[in-house]
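Below is one structure, written out as structure tokens, with a few remarks after it.
Quick note: the coordinates plus some simple rules give every number you see, no bench work behind them. These numbers were taken from a predicted model, which means no experiment stands behind them. Please note: Cβ atoms are built from the backbone with ideal geometry, for glycine as well, and neighbour counts cover all protein chains shown.
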Amino acid sequence: MEIDRTIRTTFTNISTLYDKARISYPQKLISDIIDFVKLKKEDWVLDVGCGTGQATILFAQRGFNVIGLDSGEAMIKFSQQKFSKFNNISFKQGNFEEAEFSQKFNLIISAMAWHWIDPERREKKAYDLLGGNGCLALFWNYQRKNESTFVQGVGKILDNYDGIDRGPAGSIVKQFADSLHTELRGNKLFCQVEFKEYDEEIEFTKEKYLDLVLSYGWVQKLSDEKKTDLIKDLQNLLENYQEPIIVPYKHILLLAKKN
């Protein structure tokens, strides 16, 4: 699957918008990861492509030590300020492919970010950074378009701006996760590969849904003119709906243990 990995550089310019717009992850998903890894308090977790810490905080709140890694300087500065009161969270700027750490990790997670990393290097890099019984947990989310006329309407609009199958109304991340699932099952570096799914309904205001669309990297790469037209088209659609808008989501989780 072809992915324009230059898009990952767009996020650092929108750290405030990203933090405001992006959703969290189900507690059941987090618990399943912890149970799979058999994490103990004060174990070490690396969050790859941490953004503004949507997943980072979910592990830190349960007592684990978490290092958030992101390539965007503004993202890291935002997160450092946001979580300054947490003694068990730290942040590091850099690309995962080149990042160096003084310790091994019990768990490496990546939420909505693993597809941005060089496919020739990412799994071997994770293997090298994990301790003896370490695990990899990769997760994404997308909107269940076939169950919502609203999301279907959003999808039709995004298609007009070269957003076919892209987020938030597209399922390209599901295609990526399915492909990676197959790859990991054949990768001798990892074993006990598992794939899980979780359904959730999330409430949005009209403003937050617009912010969500604008927080996607491919949208940020649109010209200012196209971005303005996209916002107008979405606003016209939103006029037909009352708040809160209930959006059905699918979260997908891919787990693997170091061999």
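Taking 41 Å as R0, compute the FRET efficiency from the Cβ-Cβ separation of residue 189 and residue 13 and round it to 0.05.
So, using R0 = 41 Å, E works out to roughly 0.75.
Placing a label point 7 Å from the Cα of residue 199 along the Cα-to-Cβ direction, the residues of region 243-259 whose backbone N falls under 17 Å from that point are 246-253. Pairs of alpha carbons in region 113-221 separated by more than 21 Å make up 46% of all such pairs.
Shape class of region 58-138 from the alpha-carbon gyration tensor: oblate, with a/c at 1.5 or above and b/c at least as large as a/b.
Based on the convex hull around the alpha carbon atoms, the chain presents an average projected area of 13.1 nm². Each Lys and Arg contributes +1 and each Asp and Glu -1, all at the Cβ; summed about the Cα centre of the chain, the dipole is approximately 760 debye. In region 183-238, taking the dipole from charged Cβ atoms about the Cα centre, the farthest positive-side position among 192, 210, 237 is held by 192. Taking 222, 214, 136 in turn, the Gaussian network model of the chain (Cα-Cα springs below 10 Å) assigns the largest fluctuation to 222. How much FRET efficiency would the formula 1/(1 + (r/R0)^6) give for residue 97 and residue 224, where r is the Cβ-Cβ distance and R0 is 45 Å, rounded to 0.05? Calculated value: 0.90. For region 4-92, a crude dipole built from +1 on the beta carbon of Lys and Arg and -1 on the beta carbon of Asp and Glu, taken about the Cα centre, is about 160 debye to the nearest 20. Residue exposure proxy: 50, 135, 191, ordered by other Cβ atoms within 10 angstrom of their Cβ from fewest to most, comes out as 191, 135, 50.
Of all stretches in the chain that contain no chymotrypsin sites (Phe, Trp or Tyr not before Pro) in a DSSP loop with at most 15 other Cβ atoms within 10 Å, the longest one is 102-240.
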